[in-house]
1. State to the nearest 20 debye the size of the charge dipole of the chain about its Cα centre, where the only charges are +1 on K and R beta carbons and -1 on D and E beta carbons.
2. Do the sum for the chain: with -39,500 (n - 2.57) for every DSSP H run of n ≥ 4, divided by all residues, what is the mean residue ellipticity at 222 nm, to the nearest 500 deg cm²/dmol?
3. Can you check what the net charge comes to around ALA212, using other residues whose Cβ is under 12 Å from the Cβ of ALA212 (Lys, Arg +1; Asp, Glu -1)?
4. Work out how much length ARG42 to ILE132 would gain on full extension: take 0.36 nm times their residue separation and subtract the Cα-Cα distance, in nm to one decimal.
5. Rounded if a/c is under 1.5, else prolate if a/b beats b/c, else oblate: with a ≥ b ≥ c from the C-alpha gyration tensor eigenvalues square-rooted, which is segment 40-123?
6. Please give the per residue volume of the convex hull enclosing the alpha carbon atoms of segment 128-174, rounded to a whole number of Å³.
7. Taking only complete DSSP H runs, can you tell me which helices of the chain stretch 27 Å or more along their own long axis by Cα positions and average at least -1.0 on the Kyte-Doolittle scale?
8. If you take P(r) over Cα pairs in 10 Å bins from 0, in percent from the coordinates, which of (i) 7, 29, 36, 20, 6, 1; (ii) 8, 35, 37, 18, 3, 0; (iii) 8, 29, 32, 21, 9, 2, 0 do you get?
Amino acid sequence: MKKLAKRLLTFLGLQVLVQRLYTVIVHTASLPKWRSLGKRERVCIELGSGAKKGASGWVTVDLRGADISHDLRKGLPLPSQSVDRIYTSHMLEHIPYKGLIIFINECFRVLKENGELSVCVPDASLYISAYIQGNRFRRIEEGYKEAIVDTGSLLDQLNYIAYMDEQHKYMFDRENLVNTLRMAPFRSVSLREFDGDLDHPSRDFESIYAIAIK
C-alpha cells in the first residue's frame, strides 16, 4: 500500500512538472506573436476564448488552440495603451477575487484611451432566486456534465454555479459585475445588452453583460 501511494505521488508530481514545463514553453513561444500583434494599427483581442481562431479582426488568446497560446495568469505582454478592444466571455468567474482585480487592471493598462473592455459572465442571482422561490432554474441534464450536483435538493443548483467542479472562483450579479470592473480606474462602466457580433446566443439565458471604457 505504501509503495502504491509513493508511486501515485511520484506520478502526480510528474504531472505538475510537465504542466509547468508546458506553460513555460507556451509562454516563450507566444512572445513573437505578441510582439507582432502590438505593432498593428488596430488591436482587438478575445481573452479566454477557448480553442478557436479569431475572425473579423479579432485575435483569440487561450492556453491551447487559440491564435495565441498563453497563460493569462502571466499578464498581457503588450505595451501600455496598445489595444483597442478586449472581449471575454464566461472567463472572469474562473479567477479568484484578488487575481481578478489584477487581471482587470492589466486589461486597463493595455487599452488605449477610449478603448473598451466588454465582458460576459453567468448571472448567479438567477440560480439563487430560483432556489429562494423553490424552483429549478435549469434542468440538471442541461448543465455542464462534470459539474452536475444531484442530491435531489434545490441547493444543488447553487453548488453547481458557485463551484462548477472547482472551476468557478467568483460569483456575479448585475451590481457586483459593474462594481468589480470599477476596481480599475475606467472612465465609465455600465451594463450592456446582448451583442450578436460578440456574445454566444446559447449562453444568453444565464448571462449578464457589461462594458468598461478607459
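1. Values: 30 positive and 26 negative charges, 254 e Å.
So the dipole magnitude of the chain works out to roughly 1220 debye.
2. Details: 5 runs with 76 residues, N = 214.
Mean residue ellipticity at 222 nm (helix-derived): -11500 deg cm²/dmol.
3. Details: positive: ARG85, ARG182, ARG187, ARG192, LYS214; negative: GLU116.
Result for the neighbourhood of ALA212: +4.
4. Full-extension gain reported as 27.7 nm.
5. Numbers: a/c = 1.45, a/b = 1.09, b/c = 1.33.
Cα axes put segment 40-123 in the rounded bin.
6. Working: hull volume 3.6 nm³, N = 47.
Expressed per residue, the convex hull around the Cα atoms of segment 128-174 is 77 Å³.
7. 2-38
8. Given (i) 7, 29, 36, 20, 6, 1; (ii) 8, 35, 37, 18, 3, 0; (iii) 8, 29, 32, 21, 9, 2, 0, the calculated one carries the label (iii).
No lab work stands behind these numbers, since they all come straight from the coordinates. Here the structure is a predicted model, which is why all the values come from computation and not from measurement. Backbone-built Cβ (ideal geometry, glycine too); neighbour counts: all protein chains shown.
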